1. Checking the condition at pLDDT below 95 and either surrounded by 13 or more Cβ atoms within 10 Å (Cβ to Cβ) or of a type outside the set (S, T, N, Q) (or both), which residue from ALA48, ALA53 passes?
2. Residues that are under 13 Å from the mean Cα position of the chain (by Cα) and without any contact (Cβ under 8 Å) to a residue 60 or more places away in the chain: list the strands (runs of 3 or more DSSP E) wholly contained in the stretch 53-165 that include at least 1 such residues.
3. If I ask for residues that are part of a helix (DSSP H, G or I) and closer than 18 Å to CYS119 by Cβ, which ones from the stretch 32-52 would you list?
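The values are calculated or read from the model by the stated rules, or taken from the named source; none is laboratory data. As the structure is a computational prediction, the values presented were derived from the model and not from experiment. Please note: Cβ atoms are built from the backbone with ideal geometry, for glycine as well, and neighbour counts cover all protein chains shown.
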Amino acid sequence: MNISPSKEKILKKIRSALRHSVALPFPQSEGNQPVFPEISQEPEVEFAEQFTALQGKFIYCINEQELAFQLSSLIKKRDWQNVFCNERRLIHPVLPQLEHVITDQDLAGCDAAITGCECLVARTGSIVMSSAQPGGRTVSVYAPVHICIANTHQVVCDIRDALIFLKEKYGENLPSLITWATGPSRTADIEKTLVVGVHGPKEVFTFLIES
């Protein structure tokens, strides 16, 4: 195979550069040293602030009874007729009065979808989900409104802590998909104009229950 002189010149420079070690540009970021300063307030409060700053809607619940009241009030206020949920353990306190609304059969025609999560990242206001959850890869991104139900013991400070959390939970059998959902879906690809709800839900709610 013939190599052009210009390509050979580039390859020669690459070979020469590989003979010399290169110092890390940010050595302080390597290893186990934290990159960011510690969060100055409770992780739950930090998550709530960051999540709402990203146009997410945050509801704190002291227990499952308050979750039942808050969730059923939201569904009735929005007049949702079809709320998809295939994680019945999340909503068993609400089911008696909402059996006709909550279903696990019609994701394509739903008004909103309810899921759990792996954990919540306080610093970025992100919901961490995986394909190992009952909703898989689809539920949280398909519906126009995503409702996440989580407990306070699932709130971690940083992305690094979330990865440790997942590693401890799954060991060597990590899910094939781990995703960070940070607020409603948005893009500014077209003329740098922000559009919400392009590749996923237009609204995201997080109900956080005190553990």
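1. Values: ALA48 fails: at pLDDT below 95.
Of the residues listed, the single one that is at pLDDT below 95 and either surrounded by 13 or more Cβ atoms within 10 Å (Cβ to Cβ) or of a type outside the set (S, T, N, Q) (or both) is ALA53.
2. Details: elements: 57-61, 112-115, 119-121, 126-130, 145-151.
Output list reads 112-115, 119-121, 126-130, 145-151.
3. Step one: of the stretch 32-52, the residues part of a helix (DSSP H, G or I) are 43-52.
Correct list: PRO43, GLU44, VAL45, GLU46, PHE47, ALA48, GLU49, GLN50, PHE51.
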